[in-house]
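K.L.:
Dropping a structure here in structure tokens format, bear with me for questions.
The values are calculated or read from the model by the stated rules, or taken from the named source; none is laboratory data. Treat the numbers as computed from the prediction; the structure is a model and nothing was measured. Neighbour counts are summed over all protein chains in view; Cβ atoms, including those assigned to glycine, are modelled from backbone coordinates with ideal geometry.
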Amino acid sequence: MKTNNLLTLVWCAFLLVAAGCELDQLNPNAPTEAQVLSTPEGIKALAVGLQAQYGEGVNENVEVSNFLTRWYATMPSSVLGLRELETGGSDVQGFNGTVNNMWSTHYRTIKSAEDLITNAPKVTLVDGTRSGIIALAKLYKAMSIGELIECYEQVPIEVTSSLTPTFANRTAALDYVISLLEQAQQEITATPPSADFNASILGIGFDLTNTIRAMIARYALIKGDHDKALSAANLVDLTKTSSIFYNSSTSRNPIYLITIQLVYYRPVRTWRTNAEAGDGRVAYWVSPGTSNSFLSKPVDDFNQFKTDNAKFYVYLPGEITLIKAEAYARKNDLANALIELNKVRTKATDPAGIGAGLPPKTAATLPNQGAMLDEIFKQRQYELFITGLLLGDSRRFSKPQVDRTRNWLPFPDTERLSNPNTPTDPAF
């Protein structure tokens with residue numbers, strides 16, 4: 001596994017703090033890797049760059065999820081890699097561009113996070129700055145592995161110790177993700193982040209504490225640990241949001257670039273037309289269109305990410321409430337599941353601006369666990385449309401195979417050619 005982009009990233013991180021950076025340029029006067037990882041300035045800059053690096057790839061996870069669940073359709077003839085995801089099955093091979101980009105983008109973030117986790121304790125930093133950096137690195141590593149394990153059946157979870165890392169199965173990977181998140185929480189509980197960390201390192205609009213709690217809730221639910229999911233979700237402050245910051249000069253929202261500027265794909269119209277009448281979330285995500293895709297599917301237009309500085313929420317308040325609803329439902333506590341479900345159905349808006357404004361359901365309309373879970377799944381489809389969660393939802397709720405063009409991505413050729421531990425590709 002080749003993920004050594006540290007020098008480029010850190011040099012850009014220095015410039016990001018000052019005046020902005022072009023991520024494809026390598027300054028010949030950049031510091032050496034040893035210098036970067038052994039100085040407070042280098043560690044701080046890498047922590048800043050880690051966040052920018054993750055933010056540049058948020059589109060990859062969303063694209064995989066929404067193409068494989070048939071909600072995106074390609075527009076131009078030239079985007080063959082994305083269209084292979086759209087048609088799915090054996091059309092998706094290890095040489096597919098998105099298959100490789102999803103993998104490499106996330107593992108670059110993981111590599112940078114591991115460098116911070118290993119080296120931040122070795123340099124002279126204010127205790128609260130060090131704890132904040134380590135917690136941030138563990139969070140971003142956990143989020144990256146968590147997104148990967150929702151797209152690939154197995155993934156390496158440590159990459160700096162070997163060029164040919166072994167692969168962890170899904171259970172082991174999810175256990176590791178949750179452990180990283182709990183370690184991150186312990187770091188900032190024992191030593192709260194310093195004012196310097198919050199002001200000069202942590203991304204604008206990013207809520208470290210609530211994001212850690214939200215991710216514990218998300219991945220505990222995915223693992224099936226419903227008690228842990230409930231405990232973590234109950235700690236998330238739903239009056240706050242957490243987002244990736246973009247601007248029009250040093251960093252631009254990649255979803256805007258691909259969906260609005262380049263128009264590589266659009267949302268399939270049936271997502272809108274299948275919605276419950278009066279659902280206010282439809283207009284939040286999409287607007288009615290008149291076009292057809294390259295494969296002649298009727299499509300709509302995107303209503304979100306219409307500017308290059310549009311923020312990307314790493315979780316949405318409604319996700320946390322729906323985590324509670326699902327956890328209760330899977331524990332067969334239908335009364336509490338209904339309470340949480342109706343919070344999402346009836347809210348007019350929230351801090352992210354999302355609101356369904358629908359009438360509440362009743363115990364009579366959702367009389368059993370199956371009916372409750374079906375309704376929760378539908379609410380997740382409309383609350384969390386462009387979040388990268390739909391593929392995992394489709395599998396977890398045991399939706400018919402026909403709803404997906406694939407269950408899992410094949411492993412990328414870039415990994416297979418360099419790592420003999422790469423497993424056999426999944427059949428579908």
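K.L.:
Do we have any residue at all in the range 179-199 that's of a type in the set (D, E, K, R), assigned to a loop (DSSP other than H, G, I, E, B) and more than 27 Å from residue 352 (Cα to Cα)?
P.N.:
no
K.L.:
Six or more apart or on different chains, Cβ under 7 Å: which pairs go from a residue in the range 330-343 that's farther than 17 Å from residue 221 by Cα and in a helix (DSSP H, G or I) to one that's of a type in the set (D, E, K, R) and at pLDDT 95 or above? Could you list them?
P.N.:
Note: pairs meeting the criteria are 338/361; 342/361.
K.L.:
If you go through the range 265-274, how many residues are surrounded by fewer than 20 Cβ atoms within 10 Å (Cβ to Cβ) and either outside any loop (DSSP other than H, G, I, E, B) or touching a residue at least 60 places away in the same chain (Cβ under 8 Å) (or both)?
P.N.:
Within the range 265-274, residues that are surrounded by fewer than 20 Cβ atoms within 10 Å (Cβ to Cβ) and either outside any loop (DSSP other than H, G, I, E, B) or touching a residue at least 60 places away in the same chain (Cβ under 8 Å) (or both) number 2.
K.L.:
Need the failing condition index for residue 397 against (1) surrounded by 18 or more Cβ atoms within 10 Å (Cβ to Cβ); (2) more than 16 Å from the chain's Cα centre (by Cα), just the number.
P.N.:
So the condition that residue 397 fails would be (1).
K.L.:
Yes or no: residue 146 in contact (Cβ under 8 Å) with a residue 12 or more places away in the chain and in a loop (DSSP other than H, G, I, E, B)?
P.N.:
no
K.L.:
Another question, if that's okay. Considering the range 275-318 alone, what residues qualify as being in a helix (DSSP H, G or I) and either closer than 17 Å to residue 75 by Cβ or in contact with a Phe, Trp or Tyr (Cβ under 9 Å, 6 or more places away or on another chain) (or both)?
P.N.:
Within the range 275-318, 281, 282, 284, 285 qualify.
K.L.:
So which residues in the range 362-387 are hydrophobic (A, V, I, L, M, F, W, C) and more than 26 Å from residue 266 (Cα to Cα)?
P.N.:
Matches in the range 362-387: 363, 364, 366, 371, 372, 373.
K.L.:
Something else now. Test residue 195 against the stated conditions and say whether it is surrounded by fewer than 24 Cβ atoms within 10 Å (Cβ to Cβ) and either farther than 21 Å from residue 373 by Cα or touching a strand residue (DSSP E or B) at 6+ places or on another chain (Cβ under 6 Å) (or both).
P.N.:
yes
K.L.:
Can you name the number of the only condition in (1) closer than 29 Å to residue 212 by Cβ; (2) without any contact (Cβ under 8 Å) to a residue 24 or more places away in the chain; (3) not hydrophobic (A, V, I, L, M, F, W, C) that residue 296 fails?
P.N.:
Unmet for residue 296, out of (1) closer than 29 Å to residue 212 by Cβ; (2) without any contact (Cβ under 8 Å) to a residue 24 or more places away in the chain; (3) not hydrophobic (A, V, I, L, M, F, W, C): (1).
Table: residues versus (1) more than 17 Å from residue 236 (Cβ to Cβ); (2) of a type in the set (Lys, Arg); (3) crowded, with 22+ Cβ neighbours inside 10 Å; (4) in contact (Cβ under 8 Å) with a residue 24 or more places away in the chain.
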site: 328; (1), (2), (3), (4): no, no, yes, yes
site: 363; (1), (2), (3), (4): yes, no, no, yes
site: 371; (1), (2), (3), (4): yes, no, no, no
site: 382; (1), (2), (3), (4): yes, no, yes, yes
site: 386; (1), (2), (3), (4): yes, no, yes, yes
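K.L.:
When both residues are 6+ apart or on different chains and their Cβ atoms are under 8 Å apart, which pairs have a first residue that lies in the range 187-214 and is farther than 25 Å from residue 323 by Cβ, and a second that is part of a helix (DSSP H, G or I) and among the charged types (D, E, K, R)?
P.N.:
Matching pairs, first to second residue: 191/127; 191/130; 194/127; 200/44; 201/44.
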